[in-house]
Amino acid sequence: MTMENFALVFGTTPFVSLGITLVLIGGCAVMTGRVLALNWRPDWQMVPYCLLLGFADRFLVFALFQGELLSGTGYAADTALLLCLAGLSFQLTRARQMVRQYPWAYERAGPMGWRERR
């Protein structure tokens, strides 16, 4: 994909999109997933938070780098990436939390899972 095609689809350059989405707002998504897991919230609550983070991402791209504010494909791609980051963080934290809080009942089953202790 060329730079012009990327800009047409995502509303900005690849460097700006990845920099803002992965570094700044991606860090917020990771913290969101972690906080939801630590407070024993259900995983579906990541969706509204990541939708709001997607709006924040599009606004920062628009305000700081003159990107397209109302890029539907850019918003969808950025929000999907943020949901993936939040979900990964949620699952890693929940697995660690289950093993630490209930060591007599559960043991690690990889970095993102747990199983009943035999």
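Remark: pairs (first residue in the stretch 56-80, over 25 Å from residue 33 (Cβ atoms); second residue of a type in the set (Phe, Trp, Tyr) and assigned to a helix (DSSP H, G or I); Cβ separation under 6 Å; 6+ apart in sequence or on different chains) = 69/62. In the stretch 86-98, the residues that are farther than 10 Å from residue 38 by Cβ form Cβ pairs under 7 Å with partners that are among the aromatic types (Phe, Trp, Tyr), at six or more places apart or across chains, as follows: 95/114; 98/106; 98/114. Per the conditions (1) of a type outside the set (S, T, N, Q); (2) under 20 Å from residue 9 (Cβ atoms); (3) in a helix (DSSP H, G or I), the sole criterion not satisfied by residue 69 is (3). For the stretch 39-50, the criterion of a residue being part of a helix (DSSP H, G or I), among the hydroxyl-bearing types (Ser, Thr, Tyr), modelled with pLDDT of 95 or more and under 20 Å from residue 112 (Cα atoms) is satisfied by no position.
Look at (1) surrounded by 15 or more Cβ atoms within 10 Å (Cβ to Cβ); (2) aliphatic (A, V, I, L, M); (3) more than 20 Å from residue 6 (Cα to Cα) and you find that residue 51 fails only one, number (1).
Within the stretch 73-93, which residues are of a type in the set (S, T, N, Q), surrounded by fewer than 20 Cβ atoms within 10 Å (Cβ to Cβ) and either more than 19 Å from residue 60 (Cβ to Cβ) or at pLDDT 95 or above (or both)? First the steps, then the outcome.
Taking the stretch 73-93 as the starting set, the residues that turn out to be of a type in the set (S, T, N, Q) are 73, 79, 89, 91, 93.
Those left that are additionally surrounded by fewer than 20 Cβ atoms within 10 Å (Cβ to Cβ): 73, 91, 93.
Correct list: 91, 93.
Selection of the stretch 94-117 for residues being buried (at least 18 other Cβ atoms within 10 Å of the Cβ) and part of a helix (DSSP H, G or I) yields 94, 95, 98, 99. Residues in the stretch 77-117 that are of a type in the set (S, T, N, Q) and in contact with a Ser or Thr (Cβ under 9 Å, 6 or more places away or on another chain): 89 alone.
The values are calculated or read from the model by the stated rules, or taken from the named source; none is laboratory data. This one's a predicted model, so the numbers in the text were calculated from it and none came from an experiment. As a convention, Cβ positions derive from the backbone with ideal geometry for all residues, glycine included, and neighbour counts pool all protein chains shown.
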